[in-house]
1. Taking the stretch 1-57 as the search range and keeping residues that are among the charged types (D, E, K, R), out of contact with any Leu (no Cβ under 8 Å at 6 or more places or on another chain) and in contact (Cβ under 8 Å) with a residue 60 or more places away in the chain, which one is nearest to Ser177 (Cα to Cα)?
2. Scan the stretch 186-201 for residues that are in contact (Cβ under 8 Å) with a residue 60 or more places away in the chain, surrounded by 21 or more Cβ atoms within 10 Å (Cβ to Cβ) and within 15 Å of Leu165 (Cβ to Cβ) and report the count.
3. Is it fair to say Ser177 is under 23 Å from Glu22 (Cα atoms) and either of a type in the set (Ser, Thr, Tyr) or out of contact with any strand residue (DSSP E or B) (no Cβ under 7 Å at 6 or more places or on another chain) (or both)?
4. Across the stretch 79-102, what is the number of residues that are in a helix (DSSP H, G or I), in contact (Cβ under 8 Å) with a residue 24 or more places away in the chain and not aromatic (Phe, Trp, Tyr)?
5. Restricting attention to the stretch 28-78, which residues are part of a loop (DSSP other than H, G, I, E, B), over 15 Å from Arg88 (Cα atoms) and among the aromatic types (Phe, Trp, Tyr)?
6. Taking interchain pairs and intrachain pairs at least six residues apart, which have beta carbon atoms under 8 angstrom, with the first residue in the stretch 119-145 and without any contact (Cβ under 8 Å) to a residue 40 or more places away in the chain and the second β-branched (Val, Ile, Thr) and part of a strand (DSSP E or B)?
7. With (1) surrounded by 13 or more Cβ atoms within 10 Å (Cβ to Cβ); (2) in contact (Cβ under 8 Å) with a residue 24 or more places away in the chain; (3) not assigned by TED's automatic domain parsing to the domain that holds Leu133 as the list, and His60 as the residue in question, which single condition is left unmet?
Amino acid sequence: MNPTIPSDARAVLFDVYGTLLEGRRLPDRGSRMAEVARHFGLTHDSPLDFAFDRTVAAFHRASPDPWPEIDVREIWAEIFPGLDDVERFALEMEDAIHPVRPTSWAADLLDQTFERGLPAGIVSNAQAYTRVLMQRHFPRHWPHFRPDLLAFSYEHRIAKPDLRLFRKALAPLIAESIDPARIVMIGDSPENDHAPAQSLGLLSIAL
C-alpha cells in the first residue's frame, strides 16, 4: 500500500534517491567508467574509480563543513582538464555505473501532491544530472515542482542531514506563512530525512 499524504498538508518536500528514484551501483565500476571515458576520447593513467574517489576525498578534506558535498562536474573537470562537455559526461557516467528507475510509489505520491495543488519541492543529496533524471523519469510531474523549493546538495556544497539544506527549501514556504507542522517531508532515511525534518517541526513520512 502506497503512503498517503495527510489531508491537512499544505506543502510537500521530497527526497530523490530511495524515495522517487531507486537503483544500485553496478559491478565493475572502474571498467564502466573507463568505457565511458573512451567514448569521449579520454584515457587516464590510473584506474578511474580510484582517481575519482581520491579527488572527491580531497575536495571533502578541503571543506570546513561537517557534511560536505561536491559538484561531480568539478571532479571530472579536475581529472580531465580538457573535457569539453562535462554535463553530458557526468550524466553518461552516472547512467553507466548507477542506472535508476522510479520507485513503485513515486507516481502515486506525485499525483496526490499535484492533483491537490500542493506546493512541492526537493531536499536531496543530488547532482546536476539529477534534474535531467527527474525530467526523464517524471516528464508529467517535473514541471510542477516549484524551482524556489528545490534544494540540491551540489548547489550549496552541503549534504543532508545539514539543516541548512532543509532551510533553503523551507524559507519560501515560511515566508508564505505556511506552518512547518503542515509541511511534509517524504524520504527513506531516518538519519538524513526524518530526524532533521522533525527537528525543524515538519511532519515526515517514512518509506
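1. Taking the candidates together, the pick is Asp8.
2. 4
3. In short, no.
4. The total comes to 9.
5. Residue satisfying the conditions is Trp67 alone.
6. Partner pairs satisfying both residue conditions: Phe145/Ile122.
7. So His60 meets the others, but not (2).
The values are calculated or read from the model by the stated rules, or taken from the named source; none is laboratory data. Note that the coordinates shown come from a computational prediction; the quantities given were computed from them, not determined experimentally. Note that each Cβ is placed from the backbone with ideal geometry, even for glycine, and that neighbours are counted across all protein chains shown.
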